Every structure is written in C-alpha cells, then in structure tokens.
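*Asks:* Quick one: the structure is below, and I'll ask about it shortly.
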Amino acid sequence: MKLQKILDRLQKLHPKEIDLSLDRILNLCKKLGNPQNKIKSISIVGTNGKYSTIQAMYAILKDAGINCNIYTSPHIQKINERFVFNNQEIGDQELTELFEEVEKVNDNQSITFFEILTAAYFYKAAKYPDNINLIETGLFHRFDATNILKKNLASVVTSIGLDHLDWLPKNERTIEKIIFEKTSTLLNSNIIVAKQSSFEISDQIEKTILNNQSQKLFFNKDYTYSLSENNFFYYEDKIGGLKLPSPNVNGQFQIENISTAIATLRSVEELDIKEENIKSGITKIQSIARLQEITQGKLKDLVKNNRLLVDGAHNPLGAKVLNNYLESLNCNKHIILGMMANKNHQEYISYFKNIASLTTIDIPNQPNSIKGEDLKNKLSGYKNIQYKKNITEAIKSISFKENDLLLITGSLYLIGEVLNLN
C-alpha cells in the first residue's frame, strides 16, 4: 500500500507537456552523485526483442557466476519487475525506501515518471559496482532517460520497426527517422546489430553508425546460426562455432535473440564467457509474456487440453514474427486480441494467416486502449471475428477441437492482466 502511494506521488511530478530532453534526469542524477558513471553496463536498443535478448544474456551470465542488475520496461504484473539487483527482483519495502530517497533528493521538481524510475535504478545499481547492468532503453534512445551513460561495455541493436509513431512529428514518421533516433548516439565500445526484417533496414543502420568508432558485429556478416532437426542449433562467429542445445523458449525468433546475446557477451573480453556457460544458460531462460506457455491456473483450466500461449507483441513486426511461429504448428489456432488505441490495428492483424477464430476484448484498467467492440469493427474484414467483454468470456466462447492452440496477444498490458487473472 505504501509503495502504491509513493508511485501515485511520483506520477504527479510528470510534466503536462514532455519536451524530449535529458536535462531533468541529468540534474537529478547530478544531485545523486552521478551514479550512472559508476556502473558497468550493456545497453539494449531497438523495437522488438530487447527483453528476450536481455533474458538470454542474463541466463548465460548467471551460469558464469556473474551477478547482474537489470532495468526493463514496461512491467507486466508489478513494477518490481523493472528492478533487478544482484540477481534478485527488488522487494516492496526496499523499492519503497529507494523511491523515497530519490524523491527527497528530487525535491518536488518536475520530472517524468520514467526519468525518476531510471534515476532510482542508477542510484541503486551504483551500490553494486562490479555487477553487469543490462539496461533496456525506452522509446527512441537519443532522448531516452537511459541515454546518459558516458561509457558502456556494448550496445545491442535489436530488430527495428515502426512503432510509437505518435511520439514523432507527422512528417517524420519513417523507419529512417526511427533508426536515427535509436542508433545515432550509441557509445563507442562494441555494437552488435541483430537480424533485421529487411536488408534496407540493416543497410540504414550501418550507414547511421558508420562514423561510430566501436567494434561492430552484424548478424549474418559477423555472427550467425543455423537450425538442426536433432534438437540443437549451430552458432558461429569469428571466435568459432558452437553446437548448442535447443533453448527452453518457443519460436525461431528466440534463437535469433539468443544468438545476438551470445555475440554480445563474446564480444566483451573482460567477461570471459565459456562455452559451457552458454550451453547451460540458454536452457534456463526465464521469459515472461514472450510466447510464454501457460501450463496451469484458472485460464488454463478453461482451455483444458489445448495449448495456451501469451505474447505481448503489439506492433506489425511482432505480429509477423508471431505468425511465423504459428505457421510452423500443425493445429487450429485461435487468437484473443486486445490492443492500445495508438497502434496500427489493421496492419498488425494482417500478418496472421489461417486463424480459426479471432476474438477482440477490452483491456481492463487501461484508458488508452481501444474498446474491443471498436477493434472488432475496425477489423471487420477478418473471418470468424467476434467481440467479448473479458478474457474469461472470450475463452468460454471459443469452439475448441482437440489439440487446438489459443494465443492471447496484442499488448503487454493485456498479458499482465491475463497472468494476474490466471
């Protein structure tokens, strides 16, 4: 209860109009002793795959006995998820005390909610100077609150696509602009560029970081992977090749993210990651809301013997990757969909092929979401579409056959509600 009260107070400091600048967080961090200059970090920028790449790196680093701090956003079920210190998610009492300390130093100055959370993360992370920090950047990186580091061990560029366009001027809502915002201010260290959805995007990233003095590793040029039918896959980079077991996560895109994680950790010489750490680590990845299979709970009981998957994909690039996984399965697929109002709903759903049924729903407790009925009307050209008020009604309304699959997707906020309800 106390934690929620302080969160409410911090949100009231949020300026009515956000100017994209780093002044507010720089001023607060200066008062806190510039903790961001006292940590070892790997920055992860991009549109899709940031969280999954972080979780793969985290699993490998833990297996190597290296302690980590992790900063991600948004959270799925509770805000504590955003703050991992010394391999442990922070508890309510400790998080309350951290926020109170930073709030006092901020002294009621106007600051965005994300900025004060980021400052709090840096302040606490500085107490573990030997830990590796895995830091997920927010929207566009250039003016993101996490972009106040003076040095880091590496920058990872995950898959980049069109998303959060309402933050850009109408005449600048292009992939070129997004690539510029995400990559033009990367630090001079190591830059690892993941597999992109097109050659044009890879080429544009390469042009944007041309004058950056970092060691640069590009997927397919400097590292790659290939799948095998015998429950393993091959990873290869300039250091050498690895024969690796299948990881404990679903989808080929996760292999891509894991390969990027491996390339990143192997590029940082001081980490000294061994082959056995990689082999063992990738079988212990903990990935929430990314093709996560629900195997027990109230909602699982409703789908009975059918598979229940949840995924927070909320942009066209995410939908494309999700459909690639669904297409690899030989079964009927049903989708329950809830989305935020500012997304490209038609393009998102256009990537899903051969779906047995589509049910739109309202996302509870999210005023910025699109009403399920309005979403159904927008997608009226889709076959077998219906609207139900909530998740439980939606599941009960679906006519399952034996061994069908149900995917709930469209928003991380929706998946948080699903996991809480389950």
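The values are calculated or read from the model by the stated rules, or taken from the named source; none is laboratory data. The structure presented is a predicted model; accordingly, all values stated were derived computationally and were not measured. Please note: Cβ atoms are built from the backbone with ideal geometry, for glycine as well, and neighbour counts cover all protein chains shown. When the accessible area is computed, the model is the full protein with side chains, heavy atoms only, and any ligands, DNA or RNA have been set aside. Shrake-Rupley method; radii C 1.70, N 1.55, O 1.52, S 1.80 Å.
*Asks:* Give just the number: which of (1) part of a loop (DSSP other than H, G, I, E, B); (2) open to solvent by less than 30 Å² (accessible area, probe 1.4 Å); (3) among the hydrophobic types (A, V, I, L, M, F, W, C) does Ile239 not satisfy?
*Replies:* Among (1) part of a loop (DSSP other than H, G, I, E, B); (2) open to solvent by less than 30 Å² (accessible area, probe 1.4 Å); (3) among the hydrophobic types (A, V, I, L, M, F, W, C), the lone unmet condition for Ile239 is (2).
*Asks:* Ok, one more. Any idea which residue in segment 9-47 is surrounded by the most Cβ atoms within 10 Å (Cβ to Cβ), counting only those that are touching a residue at least 60 places away in the same chain (Cβ under 8 Å) and basic (Lys, Arg)? Before you say what the answer is, go through the steps one by one.
*Replies:* Going residue by residue through segment 9-47, those that are touching a residue at least 60 places away in the same chain (Cβ under 8 Å) are 9-11, 13-15, 18, 20-22, 24-29, 31-33, 35-47.
So of that shortlist, the ones also basic (Lys, Arg) come out as 9, 24, 31, 38, 40.
Details: Arg9: 13, Arg24: 21, Lys31: 13, Lys38: 14, Lys40: 18.
It comes out as Arg24.
*Asks:* In segment 387-399, what residues are farther than 20 Å from Asn344 by Cβ and open to solvent by 50 Å² or more (accessible area, probe 1.4 Å)?
*Replies:* Of segment 387-399, the ones farther than 20 Å from Asn344 by Cβ are 388-399.
Listed by number, the residues that qualify are Lys388, Lys389, Asn390, Glu393, Lys396, Ser399.
*Asks:* Tally the residues that are over 18 Å from Val156 (Cβ atoms) and among the acidic types (Asp, Glu), restricting the search to segment 110-145.
*Replies:* Going through segment 110-145 one residue at a time, the tally reaches 2.
Residue-wise test of (1) within 17 Å of Gln286 (Cα to Cα); (2) among the basic types (Lys, Arg); (3) part of a helix (DSSP H, G or I).
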{"position": "Asp19", "(1), (2), (3)": "no, no, no"}
{"position": "Leu28", "(1), (2), (3)": "no, no, yes"}
{"position": "Gln36", "(1), (2), (3)": "no, no, yes"}
{"position": "Ile44", "(1), (2), (3)": "no, no, no"}
{"position": "Tyr58", "(1), (2), (3)": "yes, no, yes"}
{"position": "Ile70", "(1), (2), (3)": "yes, no, no"}
{"position": "Gln77", "(1), (2), (3)": "yes, no, no"}
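*Asks:* Related question: Scan segment 67-99 for residues that are of a type in the set (Lys, Arg) and open to solvent by less than 30 Å² (accessible area, probe 1.4 Å) and jot them down.
*Replies:* Kept after step one, since they are of a type in the set (Lys, Arg), are these residues of segment 67-99: 78, 82.
Within segment 67-99, just Arg82 meets the criteria.
*Asks:* Return the total of residues in segment 380-422 being assigned to a loop (DSSP other than H, G, I, E, B), without any contact (Cβ under 8 Å) to a residue 40 or more places away in the chain and closer than 20 Å to Ala319 by Cα.
*Replies:* Here the count works out to 5.
*Asks:* Please verify whether segment 268-280 includes one or more residues that are outside any helix (DSSP H, G or I) and among the basic types (Lys, Arg). Quick ask: steps written out before the conclusion?
*Replies:* Initial filter on segment 268-280 (outside any helix (DSSP H, G or I)): 268, 272-274.
Of the ones still in play, those that are also among the basic types (Lys, Arg) are 274.
Looking for residues that are outside any helix (DSSP H, G or I) and among the basic types (Lys, Arg), one finds at least one in segment 268-280, hence yes.
*Asks:* Counting just the residues of segment 181-199 that are closer than 26 Å to Tyr351 by Cα and in contact with a helix residue (DSSP H, G or I) (Cβ under 8 Å, 6 or more places away or on another chain), which one comes out modelled with the lowest pLDDT? Give the derivation first.
*Replies:* Step one: of segment 181-199, the residues closer than 26 Å to Tyr351 by Cα are 182, 193-199.
Filter again for in contact with a helix residue (DSSP H, G or I) (Cβ under 8 Å, 6 or more places away or on another chain), leaving 193-197.
Working: Val193: 98, Ala194: 98, Lys195: 97, Gln196: 96, Ser197: 91.
Once the filter is applied, the top-ranked residue is Ser197.
*Asks:* From the list Leu358, Leu337, which one is within 16 Å of Asp311 (Cβ to Cβ) and either out of contact with any His (no Cβ under 9 Å at 6 or more places or on another chain) or touching a residue at least 40 places away in the same chain (Cβ under 8 Å) (or both)? Walk me through how you get there before you give the answer.
*Replies:* Working: Leu358 fails: either out of contact with any His (no Cβ under 9 Å at 6 or more places or on another chain) or touching a residue at least 40 places away in the same chain (Cβ under 8 Å) (or both).
Step by step, each of Leu358, Leu337 is checked, and only Leu337 is within 16 Å of Asp311 (Cβ to Cβ) and either out of contact with any His (no Cβ under 9 Å at 6 or more places or on another chain) or touching a residue at least 40 places away in the same chain (Cβ under 8 Å) (or both).
*Asks:* If I ask for residues that are of a type in the set (Val, Ile, Thr) and open to solvent by less than 60 Å² (accessible area, probe 1.4 Å), which ones from segment 284-300 would you list?
*Replies:* Kept after step one, since they are of a type in the set (Val, Ile, Thr), are these residues of segment 284-300: 285, 288, 294-295.
Of everything in segment 284-300, those that are of a type in the set (Val, Ile, Thr) and open to solvent by less than 60 Å² (accessible area, probe 1.4 Å) turn out to be Ile285, Ile288, Ile294.
*Asks:* Scan segment 201-208 and tell me whether some residue there is closer than 19 Å to Ser280 by Cα, modelled with pLDDT of 95 or more and open to solvent by less than 20 Å² (accessible area, probe 1.4 Å). Break it down stepwise before answering.
*Replies:* Start the filter on segment 201-208 by keeping residues that are closer than 19 Å to Ser280 by Cα, which leaves none.
Taking every residue of segment 201-208 in turn, none turns out to be closer than 19 Å to Ser280 by Cα, modelled with pLDDT of 95 or more and open to solvent by less than 20 Å² (accessible area, probe 1.4 Å).
*Asks:* Would you check which residues across segment 223-236 are open to solvent by 100 Å² or more (accessible area, probe 1.4 Å) and part of a strand (DSSP E or B) and list them? Walk me through how you get there before you give the answer.
*Replies:* Let us first name the residues in segment 223-236 that are open to solvent by 100 Å² or more (accessible area, probe 1.4 Å), namely 229-231, 234, 236.
Within segment 223-236, Tyr234, Glu236 meet the criteria.
*Asks:* Among the residues of segment 158-176, are any surrounded by 15 or more Cβ atoms within 10 Å (Cβ to Cβ), farther than 28 Å from Ile288 by Cβ and either of a type outside the set (D, E, K, R) or in contact (Cβ under 8 Å) with a residue 60 or more places away in the chain (or both)?
*Replies:* yes
*Asks:* Any residue that is surrounded by fewer than 20 Cβ atoms within 10 Å (Cβ to Cβ), over 19 Å from Ser159 (Cβ atoms) and touching a residue at least 12 places away in the same chain (Cβ under 8 Å) - is there at least one of those in segment 251-268?
*Replies:* yes
*Asks:* So, one more: Suppose we filter segment 401-416 for residues that are open to solvent by 50 Å² or more (accessible area, probe 1.4 Å) and on the phi < 0 side of the Ramachandran plot; how many remain?
*Replies:* So the first thing to find is which residues in segment 401-416 are open to solvent by 50 Å² or more (accessible area, probe 1.4 Å), and the list is 401-403, 413.
Remaining after also requiring on the phi < 0 side of the Ramachandran plot: 401-402, 413.
Of the residues in that region, 3 qualify.
*Asks:* So which residues in segment 62-114 are without any contact (Cβ under 8 Å) to a residue 40 or more places away in the chain, under 24 Å from Tyr413 (Cα atoms) and of a type in the set (S, T, N, Q), if there are any at all?
*Replies:* Within segment 62-114, Asn80, Gln88 qualify.
*Asks:* Looking only at segment 235-242, decide whether some residue is under 28 Å from Lys177 (Cβ atoms) and out of contact with any His (no Cβ under 9 Å at 6 or more places or on another chain). Reasoning before the result, please.
*Replies:* Taking segment 235-242 first, the residues under 28 Å from Lys177 (Cβ atoms) are none.
No, segment 235-242 contains no residue that is under 28 Å from Lys177 (Cβ atoms) and out of contact with any His (no Cβ under 9 Å at 6 or more places or on another chain).
*Asks:* Could you list, in sequence order, the residues of segment 132-151 that are at pLDDT 95 or above and open to solvent by 20 Å² or more (accessible area, probe 1.4 Å)?
*Replies:* Asn147, Lys150, Lys151
Yes or no, residue by residue, for (1) in contact with a helix residue (DSSP H, G or I) (Cβ under 8 Å, 6 or more places away or on another chain); (2) surrounded by fewer than 20 Cβ atoms within 10 Å (Cβ to Cβ); (3) assigned to a loop (DSSP other than H, G, I, E, B):
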site	(1), (2), (3)
Ala313	yes, no, yes
Asn324	yes, yes, no
His334	no, no, no
Tyr348	yes, no, no
Leu375	yes, no, no
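*Asks:* In this structure, is Val105 among the aliphatic types (A, V, I, L, M), assigned to a helix (DSSP H, G or I), modelled with pLDDT of 95 or more and open to solvent by 10 Å² or more (accessible area, probe 1.4 Å)?
*Replies:* Details: among the aliphatic types (A, V, I, L, M): yes; assigned to a helix (DSSP H, G or I): yes; modelled with pLDDT of 95 or more: yes; open to solvent by 10 Å² or more (accessible area, probe 1.4 Å): yes.
For Val105, the condition - among the aliphatic types (A, V, I, L, M), assigned to a helix (DSSP H, G or I), modelled with pLDDT of 95 or more and open to solvent by 10 Å² or more (accessible area, probe 1.4 Å) - is met.
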